[in-house]
Structure formats: structure tokens, C-alpha cells
Amino acid sequence: MLPDIVDRTSGATVILDSGIRTGADVVKAVALGAHAVMLGRATLYGLAARGETGASDVIEMIQRETDRTLALIGCRSVGELDRSYVSRRPS
């Protein structure tokens, strides 16, 4: 649904706020057109487990996963991403 939403909003800023659990999810969302993603639940899990340190750890983990995913697909930054990096399942 994300590419359709991006296409229909004519250049508006699109922020995805659902389902982001890993750095690979961040990369996929940005490749499909999101300008930003929210990490609410993931950071709440870290907060519940280890307080502020846990929330910070989760953010750092997702950053490392994002960097690793970008490296594995040959991108230096999220700015290089586009839809060609994501394969969609046939309907």
C-alpha cells in the first residue's frame, strides 16, 4: 500500500508509523517512498526491558541493522534508495 499512498499524495511528506521492527524494515519503507519511519513499539520494548538504556539500545540496534542492510544491497545511504531495491509479491 505504501507506494500507492506515496503516488497519490503528490510530493507530500510521508511518514510510516506501523510495523517497523528492524533496520531492514526501515530500508524497505524508505525504498518504497516513505520519507521517515516511526519506531514507537520497538523502543517501548527496550524501555520496558531496561529503561532509557534499553530504548537507546534498540535505536542503536536498528541503526546498525539499517547500515548493514544498505551495505548488503550496495547503497551508501538511504538517499540512494528507490523502488528498484524492493521486490513486490504478485497479487
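A few notes on this one:
- Residues in the range 60-87 that are surrounded by 13 or more Cβ atoms within 10 Å (Cβ to Cβ) and either among the aliphatic types (A, V, I, L, M) or in contact with a Phe, Trp or Tyr (Cβ under 6 Å, 6 or more places away or on another chain) (or both): 7 in all.
- Enumeration of residues in the range 55-81 that are in a loop (DSSP other than H, G, I, E, B) and under 13 Å from the mean Cα position of the chain (by Cα): S77, L81
- Residue count for the range 20-54 satisfying the condition of being assigned to a strand (DSSP E or B) and modelled with pLDDT under 95: 0.
- Exactly one residue among G33, G51 is crowded, with 18+ Cβ neighbours inside 10 Å and either in contact with a Leu (Cβ under 6 Å, 6 or more places away or on another chain) or not aliphatic (A, V, I, L, M) (or both), and that residue is G33.
- Residue in the range 1-42 that is farthest from V58 (Cα to Cα), counting only those that are touching a helix residue (DSSP H, G or I) at 6+ places or on another chain (Cβ under 7 Å) and β-branched (V, I, T): V14
- Any chance R21 is surrounded by fewer than 19 Cβ atoms within 10 Å (Cβ to Cβ), of a type in the set (K, R) and within 23 Å of R89 (Cα to Cα): yes
- Selection count where residues are touching a strand residue (DSSP E or B) at 6+ places or on another chain (Cβ under 8 Å) and among the hydrophobic types (A, V, I, L, M, F, W, C), scope the range 22-62: 7
- Total residues in the range 1-18, condition charged (D, E, K, R) and either touching a strand residue (DSSP E or B) at 6+ places or on another chain (Cβ under 9 Å) or surrounded by 12 or more Cβ atoms within 10 Å (Cβ to Cβ) (or both): 1
- Residue pairs whose Cβ atoms lie under 7 Å apart, separated by 6 or more positions or on different chains, with the first residue in the range 61-77 and under 17 Å from Y45 (Cβ atoms) and the second among the hydrophobic types (A, V, I, L, M, F, W, C) and in a helix (DSSP H, G or I), are I62/V26; I62/A42; E65/A24.
- None of A36, A31 is under 19 Å from S84 (Cβ atoms) and either under 17 Å from the mean Cα position of the chain (by Cα) or not hydrophobic (A, V, I, L, M, F, W, C) (or both) except A31.
The values are calculated or read from the model by the stated rules, or taken from the named source; none is laboratory data. Computed from a predicted structure; not experimentally measured. Using ideal geometry, Cβ is built from the backbone for each residue, glycine included, and neighbour counts are taken over all protein chains shown.
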